[in-house]
Amino acid sequence: MTQYDYDLFVIGGGSGGVRAANTAAGLGKRVALAEERKIGGTCVNVGCVPKKLLVYASQFNDQFDAASGFGWTVGTSTFNWSSLIANKNQEITRLQGVYNKRLQKSGVNVVTGSAKLLDAHTVEVEGSTFRAERIVIATGGRPFVPDIAGREHIVTSNDMFFLEQLPKRIIIVGGGYIAVEFAGIMHGLGVDTTVCHRGDKLLQGFDEDIRDFLAEALTKKGISLLFNADIEAIEKTGDAFTVQLIGGNKMTTDLVLYATGRTPNSTGFGLEALGVEMDDEGAIKVYDDYRTNVSSIYAIGDVTNRVNLTPVAIAEGMALIDQLYAKQARAVDYDNVPTAVFCQPAIGTVGLTEAEAREKYPDIDIYKTRFTPMKNALSGLDDKTLMKMIVERSTDRVVGLHMVGTDAPEIIQGMAVAMRAGATKAIFDSTIGIHPTAAEEFVTLHQAMI
Ligand code: NDP
């Protein structure tokens, strides 16, 4: 009889925690996982998955408009938000079922309830205690809302998936991933949409050309972008809200969404008392092997606030378990992590921005193309596509790829494989294009910008 009930106790049933638990159980370890809400975490319940379903829903209006150019006559269309949300909920419930079944099949003991660490090897969940040799914290993050007057009137991305009705007007605060994704969803569903951002450009950290191109595209679609705009207070006025900007301007709206970043879920369950080190933003500090300063406690995913993306949390979960139990020292490579923003038009990107590449390499070449996608020859839609490639001149290696346009996330996923394999511009040039596609432009970029 060992002194522990479990080899591994995972706190948090999101993407990273579930993968760590399943992988460890698959290697014959005794594993328990505690989740206080629904299995699947942010991604499945209030993030990537429902967001993408809402993005699909929001694209039909444009498609109906485009159809006539291709000979179709489309009848009067109407949209029912409640039916979309009900169908989305059904799909999310199905996915939760898949996750639960998988955990069950792997032999993971799923404990429902809020977990608290009593010591470096003991977890309490709703009055029951569990002793484990190792504990993994995979508690993710939650929306961060700054302290403004009238904070109680706002909603966050968590609420957007369960709104009882679609507003007529929305103000979205923030200029990051979530702000621009919901701007596209709301606008596509016919909501009068304003993005209110404290900075002078959307999507900090992205390539400047991508940022400029997206702002232009969103404005052309009819989304109002307010830059250098900070909110001072929000007041409820009847059924609507009055938003007071610093500087005096006022706006009236039906809903205010704050998409101003996320905070790690790291407090209130015993980490502080155990002395687990965190940074100023509450992110758990980990060494390269995901171990915290308390040797039996590990942390993966958004609670470490590094690269806050589902596939990264999953990769971290697998790397941790392989290294603990399969004796494979395998670190996650955080270079060239591709990412997408499901705004409309969508963004896909991998590698360095032009600014980062200029800083890192003495000589780079920039290739850019901006064109009207073939579908728009007949659709009457005005969307354009932008593609950009950054090449380190001395080695000919492609060090950055960026795209805004239809299917950008799908296209960049494939390109990311080539980049990780160290593809040179010559390799791209010698690759035969698939015609007619947008993606073929990446293998026919002949003229560097001067
Ligand atoms: P982001 O960090 O992407 O953006 C936050 C935005 O809010 C920034 O524009 C920021 O401005 C602004 N902001 C921050 N604090 C304040 C404040 N006090 N007042 C006003 N504005 C403020 O966060 P999101 O919430 O959009 O998303 C969180 C994370 O979730 C993302 O970074 C990403 O890692 C992940 N995610 C990934 C998705 C995907 O893969 N498609 C989709 C959605 C989320 P500034 O730029 O000036 O700092």
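The values are calculated or read from the model by the stated rules, or taken from the named source; none is laboratory data. Note that the coordinates shown come from a computational prediction; the quantities given were computed from them, not determined experimentally. Positions of Cβ are generated from backbone atoms using ideal geometry, with glycine treated the same way; all protein chains shown enter the neighbour counts. To get the accessible areas, we keep the full protein, side chains included, count just its heavy atoms, and leave off ligands, DNA and RNA. Shrake-Rupley method; radii C 1.70, N 1.55, O 1.52, S 1.80 Å.
Odds and ends about this structure:
- Count of residues meeting criterion [open to solvent by 10 Å² or more (accessible area, probe 1.4 Å), in contact with a helix residue (DSSP H, G or I) (Cβ under 8 Å, 6 or more places away or on another chain) and within 22 Å of ASP147 (Cα to Cα)] in the range 164-190: 2
- Condition check for ASP7: out of contact with any Cys (no Cβ under 9 Å at 6 or more places or on another chain), within 22 Å of ILE223 (Cα to Cα) and open to solvent by less than 60 Å² (accessible area, probe 1.4 Å): no
- In the range 134-151, residue surrounded by the fewest Cβ atoms within 10 Å (Cβ to Cβ) [restricted to those that are more than 18 Å from VAL286 (Cα to Cα) and more than 13 Å from the ligand (Cβ to nearest atom)]: ALA149
- Residue match in the range 95-104 (condition: open to solvent by less than 70 Å² (accessible area, probe 1.4 Å), in a strand (DSSP E or B) and out of contact with any Leu (no Cβ under 6 Å at 6 or more places or on another chain)): no
- Candidates in the range 339-362 are the residues that are open to solvent by 20 Å² or more (accessible area, probe 1.4 Å) and part of a strand (DSSP E or B); of these, the one that is farthest from the ligand (Cβ to nearest atom) is GLY351.
- Residue in the range 223-237 that is in a strand (DSSP E or B), within 10 Å of the ligand (Cβ to nearest atom) and open to solvent by less than 30 Å² (accessible area, probe 1.4 Å) present: yes
- The range 57-92, subset among the hydroxyl-bearing types (Ser, Thr, Tyr) and surrounded by 13 or more Cβ atoms within 10 Å (Cβ to Cβ), residue farthest from LEU27 (Cα to Cα): SER68
- Taken together, the criteria exclude ILE154 from residues that are buried (at least 24 other Cβ atoms within 10 Å of the Cβ) and more than 8 Å from the ligand (Cβ to nearest atom).
- If you go through the range 309-338 and keep only what is within 11 Å of the ligand (Cβ to nearest atom) and surrounded by fewer than 18 Cβ atoms within 10 Å (Cβ to Cβ), you end up with PRO311, VAL337.
- Test: residue in the range 333-344 that is more than 17 Å from the chain's Cα centre (by Cα) and among the hydrophobic types (A, V, I, L, M, F, W, C): no
- Some residue of the range 191-202 being more than 11 Å from the ligand (Cβ to nearest atom), open to solvent by 20 Å² or more (accessible area, probe 1.4 Å), outside any strand (DSSP E or B) and of a type outside the set (Val, Ile, Thr): no
- Pairs, first at pLDDT 95 or above in the range 327-343, second aromatic (Phe, Trp, Tyr) and within 15 Å of the ligand (Cβ to nearest atom), C-beta under 7 Å, six or more apart: VAL341/TYR177
- Filtered by the rule that a residue be under 15 Å from ALA138 (Cα atoms), among the basic types (Lys, Arg) and part of a helix (DSSP H, G or I), the range 7-65 gives a lone residue, ARG19.
- Selection status of VAL49, in contact with a Cys (Cβ under 8 Å, 6 or more places away or on another chain), among the aliphatic types (A, V, I, L, M) and more than 30 Å from LYS327 (Cα to Cα): yes
Here's the yes/no breakdown for (1) touching a Ser or Thr at 6+ places or on another chain (Cβ under 9 Å); (2) closer than 19 Å to GLU354 by Cβ:
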site: LEU203; (1), (2): no, yes
site: ASP207; (1), (2): yes, yes
site: ARG211; (1), (2): no, yes
site: LEU214; (1), (2): no, yes
site: GLY222; (1), (2): yes, no
site: ILE231; (1), (2): no, no
site: GLU235; (1), (2): yes, no
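- Annotation note: Cβ proximity below 6 Å between a residue of the range 398-426 that is farther than 12 Å from LYS388 by Cβ and a residue that is part of a helix (DSSP H, G or I) (sequence gap 6+ or interchain) occurs for ILE411/ALA439.
- Residues of the range 388-442 classified as surrounded by 15 or more Cβ atoms within 10 Å (Cβ to Cβ) and β-branched (Val, Ile, Thr), total: 10
- Of the listed requirements (1) in a strand (DSSP E or B); (2) open to solvent by 10 Å² or more (accessible area, probe 1.4 Å); (3) within 23 Å of GLY199 (Cα to Cα); (4) touching a residue at least 12 places away in the same chain (Cβ under 8 Å), ARG306 misses just one: (1).
- Enumeration of residues in the range 250-286 that are within 16 Å of the ligand (Cβ to nearest atom), open to solvent by 70 Å² or more (accessible area, probe 1.4 Å) and either assigned to a strand (DSSP E or B) or over 30 Å from VAL123 (Cα atoms) (or both): ARG262
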